[in-house]
Amino acid sequence: MPRTLIRKNPSNFKTLPLHVEASPEGLSYQSIGKPLNFAQTLQRRKPIQLSDHQHFVAELANLGVSVRLTLQWQNRDYWVLVRQRRQDRGDVVLKLISGYVPAQELNLPLHTAIQEVAEECLLETPEGWLGGRFNETWLPAPYAEALHYRDAMPFVVTPLSGAARPVRCANLQLLERPRAYVHLPTASLQLVYDLRLQVPREARSLSLFHVDERLEGDQLVARLNRSRPDLYLMPLEDGRPLAELYTLKKDRLIPASTRGLYLAESFARQDGWVVREERIRWKDWLRQEGLSPTRKESGLSRLTGKARQLLQMARGSLHK
């Protein structure tokens, strides 16, 4: 049974439309007009066209932020993806942790990104839920009234190297150098931050859950559903993703099906500063990235491999 963690009034959220200027050397944005609530923002997120994807001036509906979060757990790296039913687009995708940037944080979108990590990515141990730090700053505990957060043993979030081309808010350059793209179907500017989350070594029996807000009537409601963790791990090898997905329950990686799976547009190909697609099929993304689906070893092949190892060991001992 899903557990309600928090309810919010969506009318309290305000953001601002953007004036964006882009060239091959960089991109800058600044706010224009009056603050808009959530419903007004959605009304402005209509498809647009840009004739030049490297050099343009445009007015956009909003600023969004995403986090390509690399989880470091048991000496292995994983990308963190979350499942979302996108009510405004009528689809279900796996996406990066993401959210809308409120008006008061347009010049500090990294703060929004860090808060989204705290709200969407929950780490549970038998002793309680883990709090987190960004470098030396504590992350908020957004569900403290409903969940027991541990005071000790926080996870730590740190920035990774950023994109090559600079992004500015007015004249202020964003130091962490997020990747930026204009999403044509929603007329929005999206910033993608590369962050690392390191799980403390002492954490045992770890489980991961995604919590997302859904608009229900006149309220935004966040619920935790243990039967659907909705947070997925994609393993990395030498920094490159593998064509595998898992959920994590009590330190056990559980393979997840990729049948009929779609990824959000941040995984689609970017042309200059522009992404055209609403989403991309898992199989098409694998092809785009030059990845091959990992073949699962059968029990027989694993047994054969072990037998071969034993035979080689026996041969080695005979030749000594």
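Taking (1) over 30 Å from TYR246 (Cα atoms); (2) out of contact with any Leu (no Cβ under 8 Å at 6 or more places or on another chain); (3) at pLDDT 95 or above; (4) not basic (Lys, Arg) in turn, THR41 satisfies each apart from (3). Among the residues of segment 247-269, is any touching a Lys or Arg at 6+ places or on another chain (Cβ under 6 Å) and either more than 30 Å from LEU27 (Cα to Cα) or exposed (fewer than 14 other Cβ atoms within 10 Å of the Cβ) (or both)? No, there is no match, as no residue in segment 247-269 is touching a Lys or Arg at 6+ places or on another chain (Cβ under 6 Å) and either more than 30 Å from LEU27 (Cα to Cα) or exposed (fewer than 14 other Cβ atoms within 10 Å of the Cβ) (or both). Checked against (1) under 22 Å from THR15 (Cβ atoms); (2) touching an Asp or Glu at 6+ places or on another chain (Cβ under 7 Å), LEU106 passes all but condition (2).
Restrict the check to segment 225-238 and report whether at least one residue is within 30 Å of SER11 (Cα to Cα), buried (at least 19 other Cβ atoms within 10 Å of the Cβ) and in contact with a Pro (Cβ under 6 Å, 6 or more places away or on another chain).
So far as segment 225-238 goes, no, none of its residues is within 30 Å of SER11 (Cα to Cα), buried (at least 19 other Cβ atoms within 10 Å of the Cβ) and in contact with a Pro (Cβ under 6 Å, 6 or more places away or on another chain).
A single member of ARG168, ARG196 is of a type in the set (D, E, K, R), touching a Leu at 6+ places or on another chain (Cβ under 6 Å), outside any loop (DSSP other than H, G, I, E, B) and surrounded by fewer than 18 Cβ atoms within 10 Å (Cβ to Cβ), and it is ARG196. For the condition outside any loop (DSSP other than H, G, I, E, B) and of a type in the set (Lys, Arg), what is the one hit in ARG85, ARG89? So the residue among ARG85, ARG89 that is outside any loop (DSSP other than H, G, I, E, B) and of a type in the set (Lys, Arg) is ARG85. Among the residues making up segment 77-94, a single one is modelled with pLDDT of 95 or more, of a type outside the set (Asp, Glu) and surrounded by fewer than 19 Cβ atoms within 10 Å (Cβ to Cβ): TRP79. Listed by first and then second residue, the pairs linking a residue in segment 193-209 that is touching a residue at least 12 places away in the same chain (Cβ under 8 Å) and of a type in the set (Ser, Thr, Tyr) to a residue that is in a loop (DSSP other than H, G, I, E, B) and exposed (fewer than 15 other Cβ atoms within 10 Å of the Cβ), with Cβ atoms under 9 Å apart and 6 or more places separating them unless they lie on different chains, are TYR193/LEU160; SER205/PRO126; SER205/LYS250; SER205/ASP251; SER207/ARG226; SER207/LYS250; SER207/ASP251. Residue count for segment 228-268 satisfying the condition of being charged (D, E, K, R), within 17 Å of the chain's Cα centre (by Cα) and more than 17 Å from ASP77 (Cβ to Cβ): 2.
Take HIS19 and tell me if it is assigned to a strand (DSSP E or B), at pLDDT 95 or above, touching a strand residue (DSSP E or B) at 6+ places or on another chain (Cβ under 6 Å) and surrounded by 15 or more Cβ atoms within 10 Å (Cβ to Cβ).
Details: assigned to a strand (DSSP E or B): yes; at pLDDT 95 or above: yes; touching a strand residue (DSSP E or B) at 6+ places or on another chain (Cβ under 6 Å): yes; surrounded by 15 or more Cβ atoms within 10 Å (Cβ to Cβ): yes.
Yes.
Among the residues of segment 122-165, those identified as of a type in the set (Asp, Glu) and either without any contact (Cβ under 8 Å) to a residue 40 or more places away in the chain or loosely packed, with under 12 Cβ neighbours inside 10 Å (or both) are GLU127, GLU136, GLU145, ASP151.
The values are calculated or read from the model by the stated rules, or taken from the named source; none is laboratory data. All values derive from a computational prediction rather than experimental measurement. Neighbour counts are summed over all protein chains in view; Cβ atoms, including those assigned to glycine, are modelled from backbone coordinates with ideal geometry.
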